[in-house]
């Protein structure tokens, strides 16, 4: 059933709402509320009826209902002042008042099927009448034949049972199959407030900490934060099932403003396949009070109880640990995490300032050190000269190792940074320590994949990428670097397969698209490469690096003037422009003087991409040159 009104379409079978053909993300309970109001639009629905029918009689506050109505209006292009779709009838309840059209195609189909069945039954009756005489003729013969067959069947069954009993006595008991841990996806909690931007950082951090809490429980497989946050703008359940088919349960929630300065956090655990709510709960959190840290352990326990998962004693102790006792430090950390999630140059710099402030306020705040190290690593990888930033990555990580020498997370971050900085032995040692301490860190596997790519070990690359993909299947950094790790050892078929899969999962991210463009021109697919390159450049807002990748495509097609034009456009933006990738343009154009000049600059900057220099197919024409061999020697390759 599909309901249409104004520019809105509510699809009951697909659980989707579209406005002007754009998908609108809504909470499951908000969707249920909308459907109930639509289906009973001929009358006013009381609040008590909504509690009984939509929430099945579960205890829900008036504030929670009001917030759900507010969210429903927002999803349908309405608000409390207009009330052109959902009208509030004071002291009585709510009524859906928009004029709508029902699409009954499915019902008409069922009716036509019913009619066809009736016609079929009528025809069957006529055929039955005409065949009565033939049936009578055959009955006598069939009875005599049936007795003989019955005797043979009894003998056969007896023989089978005898053989089966002998086989069962000799057969060893079947091994007990261990049930796989349930997979839980915690989707980013929504905010229901007149100040959404104020509470969004808090809501996002609640989500992250709930994920980390569940990941401490060995009996639960919780999807990692990078994958979970890809659902921030689309929590439609059918979309989740398409992106992550192995997810069993979804933990969702809403953060809303309560009374006396409190926040009300409403949480639901939903069985994704039966569409049933296993558990839900409401929590009041005082933002400026330490009780805010009790939420994660309480919700984790309720989730595991619902899934009948046992929490080990050691895990219980881990769940009760608080990140810091300094609330001002924690607030600064939360703001830093929000800025880091925006993932642009300025926001990463702001994040580092927030994390530094958090550390100043609490010098033992371990999570702030890890976040600061990661922010510096991202700055070094995507936005600034690695030579300038690497010492800051190392210093930040080393500070934490003094506090907690066993921190696998910071070992992993530092090991990956060492790979990008071409410090091979340090990278291997640190990644190996991280994996020994915690074998399930995705950045450790990414570090190994890039290390193996630099060394030309295709088996190692594929093994590490498979593990990384298993740990964090929607991680966009893995999507991008994984493609390059395969492509730069000339595993082009594998790279294109990886890239096609990741682009389908992340169609709005320009960087996997640009990597796939490069793989295609290396494979000789110039038209497809150009199509992808133009799309990626457009999605990036014509950022410098995508422009350079597109210039490589034009160079491969023999269009030198267009390639040079794109390089000039990238230079004109006065941002960091990877000299190694620019050198690749001139390598394809067979202009060694410009190529070597840029490679020298790349060495001076300690460009991240130099890790691929030994096996990069774009430089094949120059790999026997003494100058190129000397370059590889200086890189430890």
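The values are calculated or read from the model by the stated rules, or taken from the named source; none is laboratory data. Only a predicted model underlies this, so the values are computations on that prediction, with no experimental measurement involved. Backbone-built Cβ (ideal geometry, glycine too); neighbour counts: all protein chains shown.
Quick notes
- Residue match in the range 91-99 (condition: within 23 Å of residue 275 (Cβ to Cβ) and in contact (Cβ under 8 Å) with a residue 24 or more places away in the chain): yes
- For the residues 388, 372, the requirement of being surrounded by fewer than 18 Cβ atoms within 10 Å (Cβ to Cβ), assigned by TED's automatic domain parsing to the domain that holds residue 349 and under 30 Å from residue 570 (Cα atoms) singles out 388.
- Residues being surrounded by 24 or more Cβ atoms within 10 Å (Cβ to Cβ) and farther than 26 Å from residue 604 by Cα - total across the range 391-410: 2
- Scanning the range 587-612 for residues that are part of a helix (DSSP H, G or I) and within 23 Å of residue 453 (Cα to Cα) yields a total of 17.
- All of (1) in a helix (DSSP H, G or I); (2) more than 32 Å from the chain's Cα centre (by Cα); (3) modelled with pLDDT of 85 or more hold for residue 72 with one exception: (2).
- Residue within the range 53-60 that is in contact with a strand residue (DSSP E or B) (Cβ under 9 Å, 6 or more places away or on another chain) and modelled with pLDDT of 80 or more present: yes
- Cβ-Cβ under 6 Å pairs, at least 6 apart or on other chains, the range 472-496 side farther than 17 Å from residue 508 by Cα, far side modelled with pLDDT under 95 and outside any helix (DSSP H, G or I): 472/224; 488/615; 488/616; 489/456; 489/615; 492/523
- Highlighted here are the strands (runs of 3 or more DSSP E) found entirely within the range 193-306 that include at least 2 residues which are at pLDDT 80 or above and within 19 Å of the chain's Cα centre (by Cα): 249-257, 262-271.
- Taking the criterion of being surrounded by fewer than 17 Cβ atoms within 10 Å (Cβ to Cβ), touching a strand residue (DSSP E or B) at 6+ places or on another chain (Cβ under 8 Å) and not in a loop (DSSP other than H, G, I, E, B), the residues of the range 6-34 that qualify are 11, 18, 19, 23.
- Residue selection: residue 584 fails the criterion of being under 17 Å from residue 387 (Cβ atoms) and crowded, with 22+ Cβ neighbours inside 10 Å.
- Matching option when the condition is touching a helix residue (DSSP H, G or I) at 6+ places or on another chain (Cβ under 9 Å) and either surrounded by 18 or more Cβ atoms within 10 Å (Cβ to Cβ) or in the same structural domain as residue 17 (by TED's automatic domain parsing) (or both), among 45, 89, 38: 45
- Residues of the range 48-69 satisfying the condition of being in a loop (DSSP other than H, G, I, E, B) and surrounded by fewer than 17 Cβ atoms within 10 Å (Cβ to Cβ): 56, 57, 58, 59, 61
- You will find that of 348, 322, the residue that is surrounded by 18 or more Cβ atoms within 10 Å (Cβ to Cβ) and touching a residue at least 24 places away in the same chain (Cβ under 8 Å) is 348 and no other.
- Sole residue being under 37 Å from the mean Cα position of the chain (by Cα), in a loop (DSSP other than H, G, I, E, B) and closer than 25 Å to residue 416 by Cα, chosen from 615, 580: 615
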